[in-house]
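Trainee: Take a look at this one; I'll ask things after.
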Amino acid sequence: MSFYVDLYKVWGKNIKSLGWGSERSQKCRFSILLREDINQADIILDVGCGFADLKTFLLQHNYNNQYVGVEREEQFRDIALQNHKNIEIFDSFEGATSENRKYDWIFASGIFCFASDEDKWLANTIESINKFYSKAEKAVVINFLYDGGNYSKNKKMYYTSLSDISQIISAFGAKKFNIYSDYKQNDISLALYK
């Protein structure tokens, strides 16, 4: 995506190249993931992993899980592998899930934020989540921009509504799910359990 390449040209190896406003904001979103029942033996796939900052965050919180990332941008993959020697990074979800590989947890933070085609956003998002859900043993945890707050919104971004979240949950018939919207006014996270 040229969006991230353009940011990288401006910011280089910086959190802003990943589209995060700040390190604090990124850690706030990551902290939601730790509300789920992750254990040390669980294998984590981080879709849209950027610099593998989630792995760093997990280590800082004493989670030394097997971690695999998916990142399209080559510069970001290179930095992730410099930051962590014992991880795998793939350039596609299909690569990370070849040979019937499955993961306990699949995380996707910030990858569904673009409003390139609002009419198809929900269908496209459900299609992507379905791929994730089919390869997750325990749950898929997704972070979205949220339209529920009173703040200025970027017209290039898609802000997810509670109706969107409800339709995503219904599409999977998940018996257990968690919704978190209490951590940032412009974010909402959803955990869909198997």
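The values are calculated or read from the model by the stated rules, or taken from the named source; none is laboratory data. Keep in mind the model is a prediction, meaning the values are calculated, not measured. All Cβ positions, glycine included, derive from the backbone under ideal geometry; neighbour counts span all protein chains shown. Accessible surface areas use protein heavy atoms only, side chains included; no ligands, DNA or RNA. Shrake-Rupley method; radii C 1.70, N 1.55, O 1.52, S 1.80 Å.
Trainee: Determine the calculated [θ] at 222 nm for the chain from helices alone, applying -39500 (n - 2.57) to every DSSP H run no shorter than 4 residues and normalising by the residue count; nearest 500 deg cm²/dmol.
Mentor: That calculation yields -11000 deg cm²/dmol at 222 nm.
Trainee: Another question about this same structure. For the stretch 1-156, rounded, prolate or oblate, judged on the Cα gyration tensor with a ≥ b ≥ c (square roots of eigenvalues), a/c < 1.5 rounded, else prolate if a/b > b/c?
Mentor: rounded
Trainee: Nearest 0.05, what FRET efficiency do residue 39 and residue 177 give at R0 = 22 Å with Cβ-Cβ as r?
Mentor: Numbers: r = 20 Å, r/R0 = 0.89.
Taking R0 as 22 Å, the efficiency between residue 39 and residue 177 is 0.65.
Trainee: Sequence-distant or interchain residues sharing an amide H contact under 5 Å with residue 187, placed H: which?
Mentor: 146
Trainee: Each residue of the stretch 164-170 in order: what ³J(HN,Hα) in whole Hz does its phi give by Karplus 6.51 cos²θ - 1.76 cosθ + 1.60, θ = phi - 60°, with x for Gly and Pro?
Mentor: Karplus-based 3J(HN,Hα) across the stretch 164-170 equals 4, 4, 4, 5, 5, 4, 4 Hz.
Trainee: On to the next question. Taking the Cα centre of the chain as origin and charging only Cβ (+1 Lys, Arg; -1 Asp, Glu), how large is the dipole, in debye to the nearest 20? Before the final figure, lay out each step's value.
Mentor: Details: 24 positive and 25 negative charges, 70 e Å.
Using Cβ point charges on Lys, Arg, Asp and Glu, the chain gives about 340 debye.
Trainee: Relative contact order of the chain, please, whole-number percent, based on alpha carbon pairs below 8 angstrom and at least 6 residues apart.
Mentor: 17 percent
Trainee: Please compare each pair in 102/131; 102/138; 16/55; 55/155 to a cut-off of 21 Å on the Cα-Cα distance and tell me which ones are over it. Show your work: numbers first, answer last.
Mentor: Working: 102/131 11 Å; 102/138 10 Å; 16/55 18 Å; 55/155 31 Å.
Among 102/131; 102/138; 16/55; 55/155, the Cα-Cα distance tops 21 Å for 55/155.
Trainee: If I histogram all Cα-Cα distances within the stretch 67-194 using bins 5 Å wide from 0, what percent of pairs lands in each bin?
Mentor: Spelled out per bin, shortest first, that is 2, 10, 19, 21, 19, 16, 10, 4, 0, 0.
Trainee: Can you tell me the accessible area per residue over the chain, all protein chains present, probe 1.4 angstrom, in square angstrom?
Mentor: 51 Å²
Trainee: To continue, here is another question. Whose amide H sits under 5 Å from the amide H of residue 114, counting only residues 5 or more places off or on another chain, with H placed in the peptide plane?
Mentor: Amide H to amide H, under 5 Å and 5 or more residues apart or across chains, residue 114 pairs with 158.
Trainee: With a sphere of radius 10 Å drawn around the Cβ of residue 92, what net charge do the other residues whose Cβ falls strictly inside it have (Lys, Arg +1; Asp, Glu -1)?
Mentor: So the environment of residue 92 carries a net charge of -2.
Trainee: Determine the sum of side-chain charges near residue 186: Lys and Arg each +1, Asp and Glu each -1, restricted to other residues whose C-beta is under 13 angstrom from that of residue 186.
Mentor: Taking every other residue near residue 186 into account, the sum is 0.
Trainee: Convert each backbone phi in the stretch 9-17 into a coupling constant with the Karplus relation 6.51 cos²θ - 1.76 cosθ + 1.60 (shift: θ = phi - 60°), then list the ³J(HN,Hα) values in order as whole Hz, x for Gly and Pro.
Mentor: Couplings: 4, 7, 9, x, 6, 8, 3, 5, 5 Hz.
Trainee: Might you report the magnitude of the Cβ-based charge dipole of the stretch 83-127 about its Cα centre, with Lys and Arg at +1 and Asp and Glu at -1, to the nearest 20 debye?
Mentor: Roughly 260 debye for the stretch 83-127.
Trainee: Of all the Cα-Cα pairs you can form in the stretch 50-138, what percent are over 23 Å apart?
Mentor: Tail fraction, whole percent: 29.
Trainee: Name the most mobile residue of 105, 11, 121, meaning the one with the largest mean-square fluctuation, in a Gaussian network model of the chain with Cα contacts below 10 Å.
Mentor: Sorting by GNM fluctuation, first place goes to 11.
Trainee: Still on this model: So for the chain, taking the charge dipole from beta-carbon charges (+1 Lys/Arg, -1 Asp/Glu), which of 181, 4, 169 sits furthest toward the positive end?
Mentor: Ranked along the dipole, the leading option is 181.
Trainee: Add +1 for every Lys or Arg and -1 for every Asp or Glu among the other residues with Cβ under 15 Å from the Cβ of residue 124, and state the total.
Mentor: Local charge sum for residue 124: -3.
Trainee: Using a 1.4 angstrom probe on heavy atoms only, work out the carbon and sulfur share of the accessible area of the chain in %.
Mentor: 46 percent
Trainee: Using mean Cβ contacts within 10 Å as the protection proxy, how do 171-178, 47-54, 63-70 order, highest first?
Mentor: Packing proxy ranking, top to bottom: 47-54, 63-70, 171-178.
Trainee: For the stretch 44-95 and the stretch 108-173, compute the distance between their C-alpha centroids and round to whole Å.
Mentor: 21 Å
Trainee: Could you derive backbone 3J(HN,Hα) for the stretch 18-33 from the dihedral phi with the Karplus parameters 6.51, -1.76 and 1.60 (θ = phi - 60°), listing whole Hz in sequence and x where the residue is Gly or Pro?
Mentor: 8, x, 7, x, 7, 5, 4, 4, 4, 5, 4, 5, 4, 4, 4, 4
Trainee: Oh, and also: Using the crude model of +1 on Lys and Arg Cβ and -1 on Asp and Glu Cβ, and no other charge, please compute the dipole size for the stretch 41-107 relative to its Cα centre, in debye to 20.
Mentor: 180 debye
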